[in-house]
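S.K.: Here you go, one structure.
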Amino acid sequence: MTENDAATEPTESAPTDEIDALRSGLLAGDHRALARTISKIEDRAPGYRRLVGSLFDHTGTADVIGVTGSPGAGKSTLVDKLAETYRDRGETVGIIAIDPSSPFSGGAVLGDRIRMASTVGDMDVFVRSMSARGTLGGLSTATADAVKAMDAFGKDKIIIETVGAGQNEIDIVRTADTVAVLVPPGSGDAVQTLKAGILEIADVFVVNKADRDGADRTVQELLEMIELGDGPSFSVDPGHHGPGSVETSDDGDAEPSEWRPPIVETIATDGVGVDELIDEFAAHADHLRDTGEGDKRTRRRHAEEIRTLLREDLHGLLEDELDRVGGIDELASAVAGGRTDPYTIAGELLEPVETCLGQLDESPTIE
Amino acid sequence: MSTESAGRSIRCLVAKVGLDGHDRGAHVIARAFRDAGFEVIYSGLHNAPEEIVQAAVQEDVDVLGISILSGAHNTLVPKIMAGLEEYGAADDTLVLVGGVIPDEDRSKLEDAGVSAIFGPGTSIEETVGFVRENAPER
């Protein structure tokens, strides 16, 4: 196993001792080892892949919950209350709070910790702030790996919190088993804009700040949309999405394979509705287990992980190749000067790779 | 743009500790660090020393910047240092103090493990430069 890894990662000079020490520290419950492991994941430090890979055996016990919604919807406050409630019930919690980074300086101010004051001083709530460091699909991989580290550490519940804007964000929350989308009251227009992307990934809708004007209306609008729409398109099962699916709202016992996202009203600042929300999370977890949907999601996630890793590695190889032929700037100038075009360059650069792959007469075997 | 490499980014915790509501300086520093390309975690106001320690350990920061203008530094800073020590984090965290620190207290804080003290009038460049040069290699 180790040799295989070394073969696939020629650039990694693996500091074996350090990685082993981190791994055993993390599994023994050392907070600092967990923190350092997540840093390694974020930095893609040498050896991090072996580290995460070796943790896989110890994962799979945590419930992973994604919380997303527009800025100011109350995500951090709600996550704080969720953590507090889980702690009261004797469960340990890991939180990954993701904030955007500046596309110009690469810097970031990660402020979600400020809202997470209820559990401060309690080391069994492990809060980690992460920023999007602007790599291709990198953040969702890093998030998924950080979740694995927390899972292996022994956290019962892991909450991923992120602003729901854009594909990257949707990829991130998809690393969760259950996704809660926060919709602030009175955001009639916002609901419209949400429709296209984020609404489709919701397993649970949360109308936070439910004491504000317009909360009832927002609930009503969501309800209408759920009934009219074809439900969460996350589980693609065209059989259930015909016009007939509207009728399932009439009789209480809908087909067990169909999950209708419930709408929970909360006032996160006062903790109102948090218990109900946790009950819905649990119901969704049961649903995932009972219908086999959970296994399906897990497999899909692993497939995506494999793809992402391959893409990253190939990307790296191609960057090296670019450097070898004189760097991207040179090529860009050639295009700007009208001497060639991007398609020709891409074709030429890829040709040896294609030739190489063509020469492999047997497909690689996986142990 | 720093997008070409996934590489390391300097992580800083900017912390306000104790009963001190003056956070303009902390905000300015947080913003300056962000613009310098660091990842900044801001603690918010009125934290206990153990809360700062918890955040520093969990976030695995390279740099801990403590902003104090209340005069309670002789009590609060050693408590934070002791907490970091407890988690084995004191050695590879660069601890800075910003604010109003009388000259006679400086050596005491430095003995406790503070790497640098930035008083009123310190330029942003100086602080950022110090962090760049002294952020621990890990």
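S.K.: Look through B:V77, B:V61, B:V53 and report the one residue that is within 13 Å of chain A (Cβ to nearest Cβ), touching a helix residue (DSSP H, G or I) at 6+ places or on another chain (Cβ under 7 Å) and surrounded by 23 or more Cβ atoms within 10 Å (Cβ to Cβ). Steps first, answer last, please.
M.R.: Values: B:V77 fails: within 13 Å of chain A (Cβ to nearest Cβ); B:V61 fails: touching a helix residue (DSSP H, G or I) at 6+ places or on another chain (Cβ under 7 Å).
Just one listed residue meets the conditions, B:V53.
S.K.: Output the qualifying pairs, or none if there are none: Cβ atoms under 8 angstrom, residues six or more apart or on different chains, first residue in the range A:110-126 and within 8 Å of chain B (Cβ to nearest Cβ), second residue among the aromatic types (F, W, Y).
M.R.: A:L110/B:Y42; A:G111/B:Y42; A:R113/B:Y42; A:I114/B:Y42; A:F126/A:F153
S.K.: Moving to a separate point now. Suppose we filter A:R36, A:R87 for residues that are of a type in the set (K, R) and in contact (Cβ under 8 Å) with a residue 24 or more places away in the chain; which single one remains? Give the derivation first.
M.R.: On the way: A:R36 fails: in contact (Cβ under 8 Å) with a residue 24 or more places away in the chain.
Answer to the selection: A:R87.
S.K.: For the range A:90-109, give me the residue count where each residue is in a loop (DSSP other than H, G, I, E, B), more than 10 Å from chain B (Cβ to nearest Cβ) and touching a residue at least 24 places away in the same chain (Cβ under 8 Å).
M.R.: Kept after step one, since they are in a loop (DSSP other than H, G, I, E, B), are these residues of the range A:90-109: A:90-92, A:100-107.
Those still in the list that are more than 10 Å from chain B (Cβ to nearest Cβ) too: A:90-92, A:100.
Narrowing the set further to residues that are touching a residue at least 24 places away in the same chain (Cβ under 8 Å) leaves A:91-92, A:100.
Final tally of qualifying residues: 3.
S.K.: Still on this structure: Quickly run through the range B:16-25 and pick out the residues that are touching a residue at least 60 places away in the same chain (Cβ under 8 Å) and among the aliphatic types (A, V, I, L, M).
M.R.: B:V17
S.K.: Kindly indicate whether any position in the range B:4-12 is touching a helix residue (DSSP H, G or I) at 6+ places or on another chain (Cβ under 9 Å), open to solvent by 50 Å² or more (accessible area, probe 1.4 Å), facing chain A (nearest Cβ under 8 Å) and at pLDDT 90 or above. Working first, answer last.
M.R.: Here is the first cut: in the range B:4-12, the residues touching a helix residue (DSSP H, G or I) at 6+ places or on another chain (Cβ under 9 Å) are B:4, B:6-12.
Then keep just the ones that are open to solvent by 50 Å² or more (accessible area, probe 1.4 Å); that gives B:4, B:8.
If we keep only those that are facing chain A (nearest Cβ under 8 Å) too, we end up with B:8.
Applying the additional criterion that residues be at pLDDT 90 or above yields none.
Looking for residues that are touching a helix residue (DSSP H, G or I) at 6+ places or on another chain (Cβ under 9 Å), open to solvent by 50 Å² or more (accessible area, probe 1.4 Å), facing chain A (nearest Cβ under 8 Å) and at pLDDT 90 or above, one finds none in the range B:4-12, hence no.
S.K.: Does A:G72 satisfy being within 7 Å of chain B (Cβ to nearest Cβ), modelled with pLDDT under 90 and not in a helix (DSSP H, G or I)? I'd like the intermediate steps shown before the answer.
M.R.: Values: within 7 Å of chain B (Cβ to nearest Cβ): no; modelled with pLDDT under 90: yes; not in a helix (DSSP H, G or I): yes.
It is false that A:G72 is within 7 Å of chain B (Cβ to nearest Cβ), modelled with pLDDT under 90 and not in a helix (DSSP H, G or I).
S.K.: Here is a further query. State which residue is nearest to the other protein chains (Cβ to nearest Cβ) when the search covers only the range B:15-27 and only residues that are over 13 Å from the mean Cα position of the chain (by Cα) and under 22 Å from A:G107 (Cα atoms). Give the steps one after another, and end with the answer.
M.R.: Keep residues of the range B:15-27 that are over 13 Å from the mean Cα position of the chain (by Cα), which gives B:18-24.
After this cut, where a residue has to be under 22 Å from A:G107 (Cα atoms) as well, the list is B:23-24.
Numbers: B:D23: 11, B:R24: 15 Å.
It comes out as B:D23.
S.K.: Scan the range B:80-93 residue by residue and report those that are under 19 Å from A:S39 (Cβ atoms), more than 9 Å from chain A (Cβ to nearest Cβ) and in contact with a helix residue (DSSP H, G or I) (Cβ under 9 Å, 6 or more places away or on another chain).
M.R.: Selection gives B:L84, B:A90, B:D91, B:T93.
S.K.: Return yes when A:T2 is modelled with pLDDT of 85 or more and either open to solvent by less than 40 Å² (accessible area, probe 1.4 Å) or in contact with a helix residue (DSSP H, G or I) (Cβ under 9 Å, 6 or more places away or on another chain) (or both) and no when it is not. Spell out the reasoning first.
M.R.: Values: modelled with pLDDT of 85 or more: no; either open to solvent by less than 40 Å² (accessible area, probe 1.4 Å) or in contact with a helix residue (DSSP H, G or I) (Cβ under 9 Å, 6 or more places away or on another chain) (or both): yes.
For A:T2, the condition - modelled with pLDDT of 85 or more and either open to solvent by less than 40 Å² (accessible area, probe 1.4 Å) or in contact with a helix residue (DSSP H, G or I) (Cβ under 9 Å, 6 or more places away or on another chain) (or both) - is not met.
S.K.: For residues in the range A:28-46 being in a loop (DSSP other than H, G, I, E, B) and buried (at least 20 other Cβ atoms within 10 Å of the Cβ), which is farthest from the other protein chains (Cβ to nearest Cβ)?
M.R.: At the first step, the residues of the range A:28-46 found to be in a loop (DSSP other than H, G, I, E, B) are A:28-30, A:44-46.
So of that shortlist, the ones also buried (at least 20 other Cβ atoms within 10 Å of the Cβ) come out as A:44-45.
Details: A:R44: 5, A:A45: 8 Å.
Only one residue tops the list, namely A:A45.
S.K.: Moving on. Could you list all residues from the range B:28-43 that are touching a residue at least 60 places away in the same chain (Cβ under 8 Å), facing chain A (nearest Cβ under 9 Å) and crowded, with 21+ Cβ neighbours inside 10 Å? Walk me through how you get there before you give the answer.
M.R.: Step one: of the range B:28-43, the residues touching a residue at least 60 places away in the same chain (Cβ under 8 Å) are B:28-29, B:32-33, B:36, B:38.
Remaining after also requiring facing chain A (nearest Cβ under 9 Å): B:33, B:36, B:38.
Listed by number, the residues that qualify are B:F33, B:F38.
S.K.: If you take the residues in the range A:166-218 that are within 22 Å of A:I96 (Cβ to Cβ), open to solvent by 10 Å² or more (accessible area, probe 1.4 Å) and among the acidic types (D, E), which one is modelled with the highest pLDDT?
M.R.: A:D177
S.K.: Give just the number: which of (1) open to solvent by less than 90 Å² (accessible area, probe 1.4 Å); (2) more than 30 Å from A:G66 (Cβ to Cβ) does A:D313 not satisfy?
M.R.: (2)
S.K.: Sort through A:R133, A:R128 and tell me the only one that's modelled with pLDDT under 85, of a type in the set (K, R) and either open to solvent by 20 Å² or more (accessible area, probe 1.4 Å) or over 24 Å from A:I267 (Cβ atoms) (or both). So that I can check it myself, show each step before the final result.
M.R.: Working: A:R128 fails: modelled with pLDDT under 85.
It is A:R133.
S.K.: Has the range B:28-36 got any residue that is at pLDDT below 90, at negative phi and out of contact with any Gly (no Cβ under 6 Å at 6 or more places or on another chain)?
M.R.: No, the range B:28-36 contains no residue that is at pLDDT below 90, at negative phi and out of contact with any Gly (no Cβ under 6 Å at 6 or more places or on another chain).
S.K.: Could you say which residue among A:G338, A:G326, A:G358 is exposed (fewer than 10 other Cβ atoms within 10 Å of the Cβ) and either within 34 Å of the chain's Cα centre (by Cα) or assigned to a loop (DSSP other than H, G, I, E, B) (or both)? Let's see the steps before the verdict.
M.R.: Details: A:G326 fails: exposed (fewer than 10 other Cβ atoms within 10 Å of the Cβ); A:G358 fails: either within 34 Å of the chain's Cα centre (by Cα) or assigned to a loop (DSSP other than H, G, I, E, B) (or both).
From the options A:G338, A:G326, A:G358, the qualifying one is A:G338.
The values are calculated or read from the model by the stated rules, or taken from the named source; none is laboratory data. On a predicted model such as this, the values are computed, not experimentally measured, just so you know. Ideal geometry is used to build each Cβ from the backbone, glycine not excepted, and the neighbour counts take in all protein chains shown. Each accessible area value is taken on the protein alone, full model and side chains, heavy atoms only, with ligands, DNA and RNA left out. Shrake-Rupley method; radii C 1.70, N 1.55, O 1.52, S 1.80 Å.
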